[in-house]
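The structure under discussion appears below in the form of structure tokens.
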Amino acid sequence: MSRTKKTATAVVGGLPRVDLLPPEVRAERRSGVAVRRAWMGVVGVAAVAGIAVGGATLRSMEAQDELLVAQSDTQQLLLEQGKYTEVRDTKTDITLLTAAQAVAGATEIAWPSYLAQIQATLPAGVTISTITIDQASPIADYTQSETPLQGTRIGTVTFTAQSETLPSVPDWLDGLTTLPGYTDATPGTVALEEGVYAATVVMHIDQRAFSNRFAPKEGE
């Protein structure tokens with residue numbers, strides 16, 4: 001095994017270089033470079049943070065402007081709504097009146113029409129001379145009969161009919177059954193006065209006789 005012998009070679013014509021600086025100076029220089037790099041990093045971080053803060057501040061200002069615009073629009077809408085206060089009050093009054101009318105008219109019976117129907121069930125030549133009406137009210141229930149066979153009623157119509165001939169009261173009662181709301185009818189005595197017969201009938205009616213004129217319509 002042969003060994004290669006290393007020989008030193010000298011560079012001919014090169015510039016002589018001699019480092020005469022003490023090690024402390026070189027260390028200080030290296031430390032200065034590190035410090036400068038650290039400060040550059042701090043400045044970079046500060047710049048990024050400043051940009052972020054500036055962006056957040058700008059967005060906050062934009063949000064504040066949007067809020068002011070929205071508040072202005074709301075105030076304008078309130079002012080516009082104020083112009084229609086009377087209209088809203090009128091609509092509220094109408095609603096209340098309609099509700100009150102429905103309650104008050106819940107027990108309404110169109111008596112002129114109903115009495116005309118009673119007269120129409122009587123035979124020709126028979127006229128109603130007197131009539132008495134007893135009816136339920138919106139705030140009080142009508143007194144019911146204690147007789148088990150009599151149905152529920154909301155009113156009583158008592159009338160006296162006159163005829164120049166002897167009346168057939170059963171036929172009268174049959175005619176009354178065609179009336180809306182008819183529940184039952186009871187005949188009274190037949191009296192003859194000055195050649196005219198007078199018969200009294202007591203008729204009970206139920207809620208089918210209500211006109212329902214103020215009841216809410218379907219879909220309302």
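The values are calculated or read from the model by the stated rules, or taken from the named source; none is laboratory data. Keep in mind it's a predicted model, so treat the numbers as computed, not measured. In this analysis, Cβ positions are derived from the backbone assuming ideal geometry, glycine residues included, and neighbour counts consider all displayed protein chains. With ligands, DNA and RNA removed, areas are computed over all heavy atoms of the protein, side chains included. Shrake-Rupley method; radii C 1.70, N 1.55, O 1.52, S 1.80 Å.
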Flag for Q81 being out of contact with any Pro (no Cβ under 8 Å at 6 or more places or on another chain), modelled with pLDDT of 75 or more, open to solvent by 80 Å² or more (accessible area, probe 1.4 Å) and over 30 Å from Y142 (Cβ atoms)
no
Against the conditions (1) under 19 Å from I118 (Cβ atoms); (2) polar (S, T, N, Q); (3) assigned to a loop (DSSP other than H, G, I, E, B); (4) open to solvent by less than 80 Å² (accessible area, probe 1.4 Å), where does Q150 fall short? Just the number, please.
(1)
Matching option when the condition is assigned to a helix (DSSP H, G or I), open to solvent by 90 Å² or more (accessible area, probe 1.4 Å) and at pLDDT below 65, among R59, R29, R36, R17:
R29
Do the conditions hold for R88, that is, is it touching a His at 6+ places or on another chain (Cβ under 8 Å) and either modelled with pLDDT of 70 or more or open to solvent by 60 Å² or more (accessible area, probe 1.4 Å) (or both)?
no
If you take the residues of region 105-132 that are open to solvent by 70 Å² or more (accessible area, probe 1.4 Å) and assigned to a strand (DSSP E or B), which of them is modelled with the lowest pLDDT?
T127
Top-ranked residue of region 183-207 - restricted to ones that are of a type in the set (D, E, K, R) and at pLDDT below 90, ranked as least open to solvent (accessible area, probe 1.4 Å)
E193
What tally of residues in region 136-163 results from selecting those that are over 20 Å from T178 (Cα atoms) and not acidic (D, E)?
13
When the residues of region 153-182 are narrowed to those that are in contact (Cβ under 8 Å) with a residue 40 or more places away in the chain and open to solvent by 60 Å² or more (accessible area, probe 1.4 Å), which ends up nearest to R208 (Cα to Cα)?
T178
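Residues checked against (1) among the charged types (D, E, K, R); (2) part of a loop (DSSP other than H, G, I, E, B):
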| site | (1), (2) |
| --- | --- |
| V157 | no, no |
| A161 | no, no |
| P167 | no, yes |
| W172 | no, no |
| G175 | no, no |
| L179 | no, yes |
| D184 | yes, no |
| A199 | no, no |
